[in-house]
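Only the coordinates and a few stated rules stand behind these numbers; no lab work does. Given the structure is predicted, the values throughout are model-derived calculations rather than measurements. Counting neighbours? That spans all protein chains shown, and the Cβs are built from the backbone with ideal geometry, glycine included.
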Amino acid sequence: MYDWRRIGRYARNGALALLIAAKLAIAATHVAALDTSNSFSEYGPPMAAMAALVIFILGGLWLLGVKPTDRD
């Protein structure tokens, strides 16, 4: 009755799109703050932590079997 593979693919793509959109919004906020600040050392560590978080989230999704290039 339901095409679960198709629903799963849409859910996976939606989740990845939301993750990317959230990270872009956070990065834009940090870049905007950098423009008003004279010190990059204040915002460098949070940006590095954000990049590491993306890598860990994508790695965890990969270990769970969620691959963005998976074809049906």
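Quick notes
- Distance between modelled label sites at LEU16 and ILE55, nm, 7 Å Cα→Cβ extension: 2.0
- Backbone HN-Hα couplings from phi across the range 7-18 [Karplus 6.51/-1.76/1.60, Hz, Gly and Pro as x]: 4, x, 5, 5, 5, 5, 5, x, 5, 5, 5, 5
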